[in-house]
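Before any comments, here is the structure.
The values are calculated or read from the model by the stated rules, or taken from the named source; none is laboratory data. What you see is a predicted model, and the numbers here were worked out from it, not measured in a lab. FYI the Cβ positions are ideal-geometry reconstructions off the backbone, even for glycines, and counts take in every protein chain you see. Heads up: the accessible areas ignore ligands, DNA and RNA and are worked out on the full protein's heavy atoms, side chains in. Shrake-Rupley method; radii C 1.70, N 1.55, O 1.52, S 1.80 Å.
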Amino acid sequence: MTAPIVITMGDACGIGPEIIAKAFASGAAQGAVVMGDAAVMRRALALTGQGTSLAVLERASDAAACPPNCVPLLQATGLPGDLLQAPMGQVDARAGAAAGACITQAVSLVRAGEASAIVTAPIHKEALAAAGITHPGHTEMLQALAAEPGRPLPPVRMMLANDELRTVLVTIHMSLRRAIDAVTYEAVLETLRIADRAARSFGLASPRIAVAGLNPHAGEGGLFGDEELRIIGPAIEAARAEGIAASGPYAPDTVFMRARHTASHPSEFDLVVAMTHDHGLIPVKYLGVEQGVNVTLGLPFVRTSPDHGTAFDIAGTGRADPASLIAALRMARQLSA
């Protein structure tokens, strides 16, 4: 039997537990298992009004035997005993500590072959920091957990995808000032290699990769910055010499329109490599966060997540939309098949 997908609970003060409850109630999460806290998930079931029960399991493999109206859960160990007292919709160190513990134990599960992939519900970076966790986000934490003892961290990249657009980022969670310095020849070339390998694993024989520039108009021949001439262009040429179908650099304000795929507008590219976080993610999120999926490329296991955050403003109201989590589950199944 195929090992189940493990869903991490996310921040207990956010909407993660609620969208998990709704995903199971819809049948979209059938066969998956939650790594989290039983009390928090029971509260989420009550908040969302789902006619769904909770089953605390001993083993992940037992999830397959759970009925459709049941949320299978593995109780994470080492969680704060007063986690339920952390106020909904607020940053709390207890929620950050619990979220970190769930991620760590989910990675152990998938690396032991007891889970086929990880889908992570949203966490709050301030809550992680308040709990003393130094990683700025999921991507960096998963990268560290995936490293072999005594070996360098595996190079990873963030991809945000929906049915119309896929974007891979060279830099992620850092200030824009630092990100510009982090756009190096080596970083761009490594991103192109990772993106090409990942796209081939998705079933694309020769993925067409568009590379967005860093500066307005991709530098306009050096008038608005020379990173395209010194760094990005040479990295593209090196990638092409390796057989990677990369092209550019293109003006970052127009390349996403060319890469968008719709019934009336077939895409010119299979994915876009963008230099900075907001350059790449704004176009995908503008198309609708309800279908967006975050995929971490370069890990030795499949990890996806919704492309939205903890939504503290509606946490505890039962109004959260599970569509992006359901899309993340669907993609995790496709990539781990």
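Points to keep in mind about this one:
- Evaluated against (1) over 19 Å from the mean Cα position of the chain (by Cα); (2) hydroxyl-bearing (Ser, Thr, Tyr); (3) surrounded by 22 or more Cβ atoms within 10 Å (Cβ to Cβ), Thr304 falls short on exactly one condition, (1).
- Some residue of segment 284-301 being more than 28 Å from Ile5 (Cβ to Cβ) and not in a helix (DSSP H, G or I): no
- Sole residue being farther than 18 Å from Arg333 by Cα and in contact with a helix residue (DSSP H, G or I) (Cβ under 7 Å, 6 or more places away or on another chain), chosen from Ala23, Ala12, Ala60, Ala46: Ala12
- Residue list for segment 269-313, restricted to those being within 15 Å of Gly16 (Cβ to Cβ) and of a type in the set (Ser, Thr, Tyr): Thr304, Ser305, Thr310
- If you go through segment 106-145 and keep only what is open to solvent by less than 50 Å² (accessible area, probe 1.4 Å) and either of a type in the set (Phe, Trp, Tyr) or farther than 17 Å from Val302 by Cβ (or both), you end up with Pro122, Ile123, His124, Ala127, Leu128, Ala131, Ile133, Gly137, Glu140, Ala144.
- Summed over segment 28-49, the residues that are under 26 Å from the mean Cα position of the chain (by Cα) and farther than 14 Å from Ile5 by Cα give a count of 11.
- Restricting attention to segment 43-78, the residues that are exposed (fewer than 15 other Cβ atoms within 10 Å of the Cβ) and β-branched (Val, Ile, Thr) total 2.
- Among the residues of this structure, Ala86 counts as one that is open to solvent by less than 10 Å² (accessible area, probe 1.4 Å), over 24 Å from Ala323 (Cβ atoms) and not acidic (Asp, Glu).
- Members of segment 252-272 that are hydrophobic (A, V, I, L, M, F, W, C) and either out of contact with any helix residue (DSSP H, G or I) (no Cβ under 8 Å at 6 or more places or on another chain) or surrounded by fewer than 17 Cβ atoms within 10 Å (Cβ to Cβ) (or both): Val255, Met257, Ala259, Ala263
Yes/no matrix, rows are residues, columns are (1) of a type outside the set (Gly, Ala, Ser); (2) more than 23 Å from Ile326 (Cα to Cα); (3) free of Cβ contacts under 8 Å to residues at least 40 places away in the same chain:
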site	(1), (2), (3)
Arg43	yes, no, no
Gln75	yes, no, yes
Gln90	yes, yes, no
Gln105	yes, no, no
Ile123	yes, no, no
Thr139	yes, no, no
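- Helices (runs of 4 or more DSSP H) wholly inside segment 138-246 that include at least 3 residues being modelled with pLDDT of 95 or more, among the small types (Gly, Ala, Ser) and in contact with a helix residue (DSSP H, G or I) (Cβ under 7 Å, 6 or more places away or on another chain): 233-241
- Qualifying residue in segment 204-225 (condition: surrounded by 16 or more Cβ atoms within 10 Å (Cβ to Cβ), free of Cβ contacts under 8 Å to residues at least 60 places away in the same chain, within 23 Å of the chain's Cα centre (by Cα) and under 24 Å from Asp307 (Cα atoms)): no
- Check on Asp278, among the charged types (D, E, K, R) and within 23 Å of the chain's Cα centre (by Cα): yes
- Filter result for Met275 (hydrophobic (A, V, I, L, M, F, W, C), without any contact (Cβ under 8 Å) to a residue 40 or more places away in the chain and farther than 26 Å from Ala99 by Cα): no
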